[in-house]
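Presented below is the structure to which this report refers.
The values are calculated or read from the model by the stated rules, or taken from the named source; none is laboratory data. None of these values were measured; they are calculated from a predicted model. Neighbour counts are summed over all protein chains in view; Cβ atoms, including those assigned to glycine, are modelled from backbone coordinates with ideal geometry. Note: areas computed on protein heavy atoms with side chains; ligands, DNA, RNA excluded. Shrake-Rupley method; radii C 1.70, N 1.55, O 1.52, S 1.80 Å.
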Amino acid sequence: MALEAVIFDMDGTLVDSMPYHYKSWEVFFEQQGIYLTKEEFDSIHHGTLFDIMPRIFGDISHEESYRLGMIKEQAFRELYKHEIKPIDGLVEWLEALKKAGLKIGLGTAADFTNADFTVDAIDIRKYFDVIVTSDIVKEGKPSPAVYLKVAEMLEVNPAGCVVFEDTLSGIQAGLSAGMKVIGITTGLSKEEMQVLPVSAVIDHYQSLSLHHITSLF
């Protein structure tokens, strides 16, 4: 099996946005009159917003979950819009992948509003052949569903894909999809990531070459 496609997670992988997501949750909780300890928040903070909101508010409708999620994400975009920038070396790496004729996909638990905000703010939409958000795949990571959907839309074999991820749930999603996974240390250390069988761990994209990923196959 040869390398056919490279797939990226978004938050923490294209941009170092997770600190701003945490800040926006603080703003959201203050607006809603909610207090959670760090441990309580960590226990619910996984999957998509459609997964998370019912854990906070109980048995609410999909429409109400979406409404609350949009309030939270609007706070995120307001906080981050003047600070957003690509992770070091990302644009050059995407350019190299495109020149090599590889297919490039994006698979994120974010909704389309945050995906549009991110890829357009750093002007990288042109590099992606496929963008899959939680509006398309409801099932959050560590389910492999989003990455399998990206592979399907790219018309490639999952076994011919490399995924870049920054979280353990995302790494597990890529592995469960039958893909190679490279971790990026925006939120976790190399040692924390290596509890799962990642193919490599990087701090940024500046030192990457095509050989690094083609040699995995």
- Message: Probe radius 1.4 Å, ligands and nucleic acids left out: which of D116, D123 has the largest accessible area, and how do the rest follow?
- Response: D123, D116
- Estimated distance in nm for a label pair at H62 and E26, the labels positioned 7 Å out from Cα along Cα-to-Cβ: 3.4 nm
- Label-point separation (nm) for N157 and A100, each offset 7 Å from Cα along Cα-to-Cβ? 1.8 nm
- Task: Could you name the aspartates and glutamates whose alpha carbon sits less than 12 Å from that of K23, not counting residues in the same chain fewer than 8 places away?
- Result: E73, E78
- Percent antiparallel among DSSP beta bridges (both partners in the chain, rounded to 5): 5 percent
- Lys/Arg +1, Asp/Glu -1 at C-beta; the chain dipole; positive extreme among Q32, H212, L106: H212
- Item | Helix 145-154 axis, angle to the chain major axis (alpha carbon atoms, nearest 10°) | 40 degrees
- On the formula 1/(1 + (r/R0)^6), with r taken between the Cβ atoms of S207 and R55 and R0 of 41 Å, the FRET efficiency rounded to 0.05 is 0.60
- Of the chymotrypsin sites (Phe, Trp or Tyr not before Pro) in segment 1-54, which ones lie in a loop per DSSP and count no more than 10 other C-beta atoms within 10 Å? Y35
- Helix-only [θ] at 222 nm, the chain, -39500 (n - 2.57) per DSSP H run of 4+, per residue, nearest 500, equals -13000 deg cm²/dmol
- Lys, Arg +1 and Asp, Glu -1 on Cβ, resulting dipole of segment 115-212 about Cα centre, debye, nearest 20: 200 debye
- Note on the structure: Helix 18-32: inclination vs the chain longest Cα principal axis, degrees, rounded to 10, gives 20 degrees
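Put K85, K141 in order of accessible area, largest first, 1.4 Å probe: what do you get?
K85, K141
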- Task: Write down, largest first, the equivalent ellipsoid semi-axes of segment 41-103 in whole Å, where each equals the square root of 5 times an eigenvalue of the alpha-carbon gyration tensor.
- Result: 34, 16, 11
- Note on the structure: Heavy-atom accessible area of K103, protein chains in place, probe 1.4 angstrom, given in Å² to nearest 10, is 70 Å²
- Item | K85/E39 FRET efficiency (R0 30 Å; Cβ-Cβ; nearest 0.05) | 0.45
- Which value, in debye to the nearest 20, gives the size of the charge dipole of the chain about its Cα centre, when Lys and Arg are +1 and Asp and Glu are -1 at the Cβ? 460 debye
- Message: As I understand it, the value is the acute angle between the Cα axis of helix 112-121 and the longest principal axis of the Cα atoms of the chain; what does it come to in degrees, rounded to 10?
- Response: 60 degrees
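Restricting to Cα pairs below 8 Å that are 6+ residues apart, what does the relative contact order work out to for segment 18-166? Please round to a whole percent.
Once normalised by length, the contact order is 23 percent.
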- Relative contact order for segment 119-217 using alpha-carbon pairs under 8 Å, separation at least 6, rounded to a whole percent? 20 percent
